[in-house]
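Comments concern the structure below.
The values are calculated or read from the model by the stated rules, or taken from the named source; none is laboratory data. Treat the numbers as computed from the prediction; the structure is a model and nothing was measured. Here the Cβ positions follow ideal geometry from the backbone for every residue, glycine too, while neighbour counts run over all protein chains shown. Side chains are part of the model used for accessible areas, which takes the heavy atoms of the whole protein and leaves out ligands, DNA and RNA. Shrake-Rupley method; radii C 1.70, N 1.55, O 1.52, S 1.80 Å.
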Amino acid sequence: MIITLTLNPCIDYILQVPQILMEDTLRAQYAFFQPGGKGIHVSRVLKRLGVETIAWGFCGGDPGRWLQSYLDEEQVSHDFINTQGATRVNTILTEATTHKQLRVSAPGKPLQNQEEQILLDRFRNLPTSTRWITLGGSLPPGIASHCIQKLIEHAQEQGIYCILDADGEVLKAGIQGRPYLIKPNQFELERLLGKSVTSQPEMIACARELIHQGLVQVVVISLGKAGALLVSRDQAFHAKAPDVRVLSKVGAGDSMVAGMAKGLLEEASLQEVLRMGVAAGTATVLVPPDELCQAYQYQELLPQVCIEPIE
C-alpha cells in the first residue's frame, strides 16, 4: 500500500478565461471546484491505476467535509485528521488558448499543537501493509518545516521508503530525513542548492552531489516538455515525453509521482519507474483541468515514452 500525505490540502476553484488581463472584468467560460494538494492528486491517480492507496493529511470545516465527500465519490480511501481551522480554498485562473495560469494560494488556518502531535504519533506506528509514502506540498501555518524530516525519519525506521515532492524550506528540511527519491524541477533544484543549474551535465552533477552526501538515493528532475532526468548513484536516464496536445497542466507533476510510486511498489527497474512516471504525467495534460489521467491513456502512452541512458 502507498500512503500519500498532504499537510496543507485545499480545494481549488478553477476558472477558465479567454485571456488574463489586469484591471478588467474577466468573464469565465467555465468554473468548478476540485480537491487540491499534491498527495491527494497522487492518491486519486493511484486509484485509477489500480494501486491500493490511502490519503492522509489535515481537513477541517465545511470545505474539509466537501473534500472528503469528493474522494468518497471517487472511492479513494482517506483518513484525515480533523482540524479546528477550515481547509483552505485556492483560486486558479487559466487562459483558454495558452493554458498559462495565475494561481492565488491561500495560507490555510494555523494548526494546533495537538493536531501536529496526532500526525507524529501516527508515523511512529504506521500500518504494516505500508510500503511507500509520498509527501509533498506546502506546510500550514503553525507547523515547522523540520516536521517533514521527523515524519520521514519515523517511516525509515520502520523500513518504509519515502518520496518527497516539495520546494523551498520544506524540501531543504525534508531531505535531511533522507528520503529515497525527490522530484524537483530545475528551479526547485536551484533553490535547494542555492546556485544556478542550467545544463543537463550540471543537473546530473548536482543530483549526484546530493546522492553522495547520503541525503537521497534517486533524484528525478522534471523538465516539462523536455521530459525528465532520473539520476541514481551509478545510472542516469533521460525520458522524452510523447508530443501531445496540452489541455491542462493541473496535476501533471503529481500524476508523475503517482506513476513512479506505482513502479517502485512493483519493484520495476529505475528506467521503467521513470517511464511510468512520464506516461502518467503526460496522460494528465491530455485532459481538461477538472480531470486527471485515466488508466487507458496511461497504458497507451507507456510504450511511447522514449528512455535514453546517459553515459
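With only alpha-carbon pairs counted, each pair once and no self-pairs, how large is the Kirkwood hydrodynamic radius of the chain in angstroms? Provide the component values of the computation, followed by the final result.
On the way: mean 1/r = 0.0509 Å⁻¹.
Final number for the Kirkwood radius of the chain is 19.6 Å.
Averaged over its residues, the chain has an accessible area of 44 Å² per residue, based on protein heavy atoms and a 1.4 Å probe. Helical content alone sets the calculated 222 nm signal of the chain at -11000 deg cm²/dmol, taking -39,500 (n - 2.57) per DSSP H segment of four or more residues and averaging over every residue.
Close amide H partners of Cys10, meaning residues 5 or more places away or on another chain with modelled amide H under 5 Å apart, are Gly36, Gly37. Remark: spin-label model distance Thr91-Gln304 equals 3.6 nm, labels positioned 7 Å along the Cα→Cβ axis. For the residue pairs Lys225/Lys262; Lys172/Lys262; Lys183/Lys225; Lys38/Lys195; Lys183/Lys240, the C-alpha atoms sit more than 19 angstrom apart in Lys225/Lys262; Lys172/Lys262; Lys38/Lys195.
Largest accessible area first, the listed residues Asp254, Asp167, Asp243 line up as Asp243, Asp167, Asp254 when surface is computed with a 1.4 Å probe on the assembled protein chains.
If you roll a 1.4 Å probe over segment 175-227 with all protein chains in place, what percent of the accessible area is carbon or sulfur?
Values: 1180 of 2360 Å².
Its accessible area is 50 percent carbon and sulfur atoms.
Would you mind counting up the charge near Glu190? Only other residues with Cβ under 11 Å from its Cβ, with Lys and Arg at +1 and Asp and Glu at -1.
Values: positive: Arg191, Lys195; negative: Asp167, Glu188, Glu202.
Result for the neighbourhood of Glu190: -1.
Based on the Kirkwood radius over alpha-carbon pairs, what is the Stokes-Einstein translational diffusion coefficient of segment 2-143 at 25 °C with 0.890 mPa s viscosity, in µm²/s? Let's see the in-between values first.
Numbers: Rh = 16.2 Å.
Estimated via Stokes-Einstein, D reaches 152 µm²/s.
Of the accessible area of segment 28-70, computed with a 1.4 Å probe over protein heavy atoms only, carbon and sulfur atoms account for 53 percent.
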